[in-house]
Structures are given as C-alpha cells and as structure tokens.
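K.L.:
The structure under discussion is supplied below as structure tokens; questions concerning it will follow.
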Amino acid sequence: MTELTKDLLKIISETAIKLNRADELKKQEEKHDRRIRNIRLLLKNYRALVLHSERIKDDLDCLDETSIHHLDVYTISLESIESIMKSQKKTVAMIEFVNDKINAYKKSCNKEELKYFKVLEMKYITPEKYSAQEIAERINVDRTTVSRYLSRAVDDLHVIIFGIEALQFER
C-alpha cells in the first residue's frame, strides 16, 4: 500500500475544498434562480390570485358562520372542509404578503426608480393587462427597455421579499 505524502495530502485537501466551494456556489445560484422564478410566477398569476382571494374572503366568512351541523356530512368530510379553508387562508395570506411587499417596494423607490415600479405595476398589478409593447408605447421607451426595467424591478422585489438572504448570493 502506498503512503500519502504531505504534499499529496495537501493537494487532495485543496481540491476537496475547491470542489466543496464550487458545489455550495452552485446551490446558492440554484436557490437564487428558483426564488426569482417564484417571484415571476407569483407576479404572473397576481391578478387571478387577487380575484380569487377577494372571492374566498367572503366564502371563508360564510363558512365561519355556518354550523358544521348544517353541512351534508355524506358528501363532505370535516377534514376536507378544514383542508379547503386552510388552503384558502394561505391564498389570502400570500396575497396580503405580496401586497405589503409591493407597497414597500413602491415606497422604497426614489423618483428615478419609480419607472421600474411603474413597469412592474402595468405588467402585473393593474386591473388592465398591458403587453411589453403597450407599456413601451405608454412610457415612450423601447420594448427591450421595458424588459430591462422589469428585470430590475423583480431583482429589487427579490431583496424586499427575501431580505438578507437575497443579498448573500451577491457577495
């Protein structure tokens, strides 16, 4: 059996450390990408989730007022009702959370940065849907500028939603 020299052990250790660092960096990048993707997914579905949450707020109030004895126990189980209510409450809570973060982002913008917020708002928040081209025409910029502004807004929102966790990747 061959003995490992000190130099060989040093090389093996340094290589293992480098591989571990590379693996950690890759995991951080994937986590960052997943978070950005999740923010974009939330924004893309924001209007539908808002409509849904407004509707289910009324449903939740109704269910809270309805006695369990008045429900048809042969078609609906208590567990399924509780599960539905839990899911609906999560939806309402998530929309309230996102609304708070969007408002925080707007407040954090200086006069120059408001253009990023405005593009985000027109693309995802306002009741009326706007395409990138329509936004570009309304604010008198190129369509690629709209995409750039939107990316900047999502990055800014990423920090507001995830806090210091969002910044650790950038160090």
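Where a number appears in this text, it was derived from the coordinates with a stated rule and is not lab data. Bear in mind that the values here come from a model prediction, so they are computed numbers and not experimental data. For neighbour counting, all protein chains shown are included, and Cβ atoms are generated from backbone atoms with ideal geometry for every residue, glycine included.
K.L.:
I need the calculated FRET efficiency for the pair Glu128 and Leu41, taking r as the beta carbon distance and R₀ as 35 Å, to the nearest 0.05.
P.N.:
Calculated transfer efficiency: 0.95.
K.L.:
List the lysines whose Cα lies under 26 Å from the Cα of Lys26, skipping any in the same chain that are fewer than 8 positions away.
P.N.:
Lys10, Lys18
K.L.:
Ranked highest first by the average count of other Cβ atoms within 10 Å around their residues, in what order do 89-96, 154-161 fall? Each step should come with its number before you reach the end.
P.N.:
Numbers: 89-96: 14.1, 154-161: 18.8.
Ranked from most to least packed, the peptides come out as 154-161, 89-96.
K.L.:
Same structure, new question: Longer than 23 Å from Cα to Cα, which of Lys57/Lys101; Lys101/Lys129; Lys57/Lys86; Lys86/Lys129 are they? Say none if no pair is.
P.N.:
Details: Lys57/Lys101 20 Å; Lys101/Lys129 21 Å; Lys57/Lys86 12 Å; Lys86/Lys129 30 Å.
With Cα atoms farther than 23 Å apart: Lys86/Lys129.
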